[in-house]
């Protein structure tokens, strides 16, 4: 089992005045054998961080480490890659011209098995592991349902003999009736194989079902991170509380009993332009307990709460989270 660690990772697109920091100084750890759920709305930088973990997004600053080694050093051709990714759209991630069994066999590291018979047996084993009939190895992606294609994508990721799996919105393209089945599969596989997993979703209801740790991302930064049961029971950041309030409960209705929820809403406020990040707290233009609602909290307009996040409960990037003192330093 291995630990995946992001150390002050920044991913930047473009140059000059129109440069965009999709990920801005993110530090996050995926402990061995645990599931870290990364949640946030569209455009928060979740998928960019995932792509940085497998070398598909350029890391402008910081490092992505697996047990202390840089994961983005290109492995030798045909060898296993320690971090494997399962993409959001299983149809787009599979070659439509190839039989799905061949797609999975292609991901098996060279030299891991000898002969076509050995590779065929391994593909059949992987199909059984993800709940697919061995007869599907001869099918093409278009002949399978969305849920079956996502199972093939999981099998292909596991074929690479990974130590960490990154699952990027793997249920968002599926019917609701299929999502639960895939989530159960992910949870069962993680328990059996004890792989570290970075599970990404915009839906907190999905993340809380599979995660040991929950990290909340907003506008390129982690704003809260802690054990799943603690974050869900006592969310510290107003954005986390908003996400939790919007998540469907078991009866299908959104929650109105979220700890710390004030009743104020930000649903009518559009997210800021990521090319022009707000000064101070990035969430303050939408915050239901921020300076636009409570004028006495003017520090949110000028002081970046990330500076003292490590000293607060859940490392929360909020001036008024538990463990925080009202800042008096020079504005940044």
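Most fluctuating residue of 27, 211, 145 in a GNM of the chain with Cα springs under 10 Å: which is it?
It is 145.
Relative contact order for the chain: what is it in percent, counting Cα pairs under 8 Å that are at least 6 residues apart?
So the answer I get is 19 percent.
Simple spin-label model, 7 Å along Cα-to-Cβ: residue 27 to residue 191 in nm?
About 3.4 nm separates the two model spin labels.
Considering the chain as a Gaussian network with a 10 Å cut-off on Cα pairs, which listed residue, 40, 128, 25, attains the greatest mean-square fluctuation?
Its mean-square fluctuation being the largest, the pick is 128.
Using a/c under 1.5 as the rounded threshold, could you call the stretch 107-166 rounded, prolate or oblate? The axes a ≥ b ≥ c are square roots of the C-alpha gyration tensor eigenvalues, and prolate needs a/b larger than b/c, oblate otherwise.
Cα axes put the stretch 107-166 in the oblate bin.
Starting at 0 and stepping by 5 Å, how many percent of the alpha carbon pairs of the stretch 143-248 end up in each bin?
Histogram of Cα-Cα distances, whole percents per bin: 2, 11, 22, 23, 18, 14, 8, 3, 0, 0.
Jot down the per residue volume, in cubic angstrom and as a whole number, of the convex hull over the alpha-carbon atoms of the stretch 1-145.
157 Å³
Once every DSSP H run of n ≥ 4 in the chain is given -39500 (n - 2.57) and the sum is divided by its residues, what mean residue ellipticity at 222 nm do you get, rounded to the nearest 500 deg cm²/dmol?
Mean residue ellipticity at 222 nm (helix-derived): -7500 deg cm²/dmol.
Could you rank the peptides 178-184, 220-226, 290-296 by their average count of other C-beta atoms within 10 Å per residue, with the highest value first?
Highest to lowest by the protection proxy: 220-226, 178-184, 290-296.
Here are labelled values, (1) 19; (2) 14; (3) 45, and one is the computed percent of Cα pairs over 38 Å apart for what I pasted. Which one?
Matching the structure shown: (1).
Of all DSSP beta bridges in the chain, what percent run antiparallel (nearest 5)?
55 percent
If N is the number of residues in the stretch 276-326, what value comes out of its Cα radius of gyration divided by 2.2 N^0.38 Å?
1.05
Quick check: residue separation of residue 275 and residue 106 times 0.36 nm, minus the Cα distance between them. What number comes out in nm?
56.8 nm
Top mean-square fluctuation among 23, 123, 322, Gaussian network model of the chain, C-alpha springs under 10 Å?
Evaluated over the chain, the most mobile residue of the options is 322.
Would you kindly work out the equivalent ellipsoid of the stretch 1-68 from its C-alpha gyration tensor and give its semi-axes, the square roots of five times the eigenvalues, largest first in whole Å?
Over the Cα atoms of the stretch 1-68, the semi-axes work out to 23, 14, 9 Å.
For the stretch 86-195, treating each Cα as an identical point scatterer without solvent, what Debye log10 I(q)/I(0) comes out at q = 0.10 1/Å?
Listed by q, the Debye log ratios stand at -0.25.
Any read-out appearing in this document is the output of simple, stated calculations on the displayed coordinates, not a laboratory observation. Keep in mind it's a predicted model, so treat the numbers as computed, not measured. For neighbour counting, all protein chains shown are included, and Cβ atoms are generated from backbone atoms with ideal geometry for every residue, glycine included.
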